[in-house]
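The values are calculated or read from the model by the stated rules, or taken from the named source; none is laboratory data. Computed from a prediction, not measured in an experiment: that's the story for all the values here. Cβ: placed from backbone, ideal geometry, glycine included. Neighbour counts: every protein chain shown. The protein model used for the area step is the full one, side chains on, heavy atoms only, and it has no ligands, DNA or RNA in it. Shrake-Rupley method; radii C 1.70, N 1.55, O 1.52, S 1.80 Å.
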Amino acid sequence: TWKRSSKRETFLGPTFRWQSVQGGIWVRASTTMSETWTTIESDPAVFTELVERMGVKGVQVEELYSLDEDLLQELRPVYGLIFLFKWTNEKLDAKVDKEVGSKVFFASQVINNACATQAILSILMNCPQIDIGEELKSLRDFTAEFPPELKGLSINNCESIRKAHNSFSRPEPYAVEDKNGSNDDDLFHFVSFVPIDGTLYELDGLKEGPVSLGPCSEDDWLQKVCPMIEQRIEKYSKHEIRFNLMAVVKNRKEMLEGEVEHLSMLKRRAESKIERLNGGQSTSMDIDEEAEENLPDSLDALQDKISNIDAQISNCKNRIRMEEEKMSSWREENIRRKHNYIPFLFNFLKVLAEKKQLKPLIEKARQKV
């Protein structure tokens, strides 16, 4: 396990964008204020709403507090992992695959603070089983043959993605100049791990291309990537304990509702077979007689089967309620994250000053420092 990095950190990224000039040449140009990207918190509630705002359906993000195999098994299907760590200017042995072509959607990070959104896009754009919506699908198709730098520029120029990202910006009481991070700054960075066409990749927008981590399958890629992440954590754990790991998974409520529907169908089949064994006529119109053959022939065994199914349905419904409560709590958290508390605080201090209570409180606070 590891300590979660809960505050908003300074996320790493260059301070340039790419601009087209005559002759098809692309050059670096400064990013304008209208194109700036805010820092966003590394939190599953934030990331889940972010993907929803980008038009993605049937997906949510879950935080992982450990790499326990049973926990990962419970979350399946897992489409990809997002890893947040304190960035250091240290060269790691990595096999960059520059020949993947359009098979892998890989975009260079060409803008500050966009690594969070870019990390999740690296997973969404590389998982054909995810419904990413028409806009992201159009972006993926349009940029399929682009080099990584132009893919990164296309993300920067996508108004809907930037708007979704910046919807989590907080009102700041002071205007702070943007600056490049120094060695003393807390520079944090997001990378993604995702299986693509039989190969496990690390997608890091600050690298030249996708890093191939070896062959894998949809069934074993988590077992292969977990030791790699643990090794990365162990490497830095002597000096840094702030790590965050999130999984992009299928919407849990939708999965549980599908499970309830499947169990209800099995129950109807068992009830139909009981009617038939008792000499009655089945009233269900959707019963597969061939499927009934897989059920026990004993009435007692069938009743036990129905009782077991009822218990499973009850468990699923309880979990659905828990998911609904969690999502409701996440929505409240996100509203509070975005709310502008500055007018309230200003007026609160103003009232304290008018009642001559502000100065004594300031003095009292100074004595405690």
Selected residue (criterion: least open to solvent (accessible area, probe 1.4 Å)) from residues of segment 60-74 that are outside any strand (DSSP E or B) and in contact (Cβ under 8 Å) with a residue 24 or more places away in the chain: LEU72
Segment 108-142, residues that are modelled with pLDDT of 95 or more, in a loop (DSSP other than H, G, I, E, B) and crowded, with 20+ Cβ neighbours inside 10 Å: MET125, ASN126, ILE130, ILE132
Pairs, first free of Cβ contacts under 8 Å to residues at least 60 places away in the same chain in segment 117-137, second part of a helix (DSSP H, G or I) and open to solvent by 10 Å² or more (accessible area, probe 1.4 Å), C-beta under 6 Å, six or more apart: MET125/ARG140
Any hit, segment 334-350, residues being polar (S, T, N, Q) and in a helix (DSSP H, G or I): yes
Pairs, first touching a residue at least 12 places away in the same chain (Cβ under 8 Å) in segment 75-88, second open to solvent by 10 Å² or more (accessible area, probe 1.4 Å) and part of a loop (DSSP other than H, G, I, E, B), C-beta under 6 Å, six or more apart: LYS86/GLU240; TRP87/LEU12
Yes/no for SER329 being hydroxyl-bearing (Ser, Thr, Tyr) and at pLDDT 95 or above: yes
Residue pairs meeting the criteria (Cβ under 6 Å; at least 6 apart or on separate chains; first in a loop (DSSP other than H, G, I, E, B), in segment 199-228; second of a type in the set (S, T, N, Q)): GLY205/SER108; GLY205/GLN109; GLY205/GLN118; LEU206/GLN109
Some residue of segment 81-92 being part of a loop (DSSP other than H, G, I, E, B) and at pLDDT 85 or above: no
Members of segment 145-170 found to be over 28 Å from LYS338 (Cβ atoms), among the hydrophobic types (A, V, I, L, M, F, W, C) and touching a Phe, Trp or Tyr at 6+ places or on another chain (Cβ under 8 Å), listed by number: LEU150
Residue within segment 191-209 that is over 20 Å from the mean Cα position of the chain (by Cα) and surrounded by 20 or more Cβ atoms within 10 Å (Cβ to Cβ) present: yes
Selection from segment 143-156 of residues that are in contact with a helix residue (DSSP H, G or I) (Cβ under 8 Å, 6 or more places away or on another chain), open to solvent by 10 Å² or more (accessible area, probe 1.4 Å) and assigned to a helix (DSSP H, G or I): SER154
Contacts under 7 angstrom Cβ, first residue in segment 332-344 being over 15 Å from GLU41 (Cα atoms), partner open to solvent by 70 Å² or more (accessible area, probe 1.4 Å), 6 or more apart: ILE342/PRO173
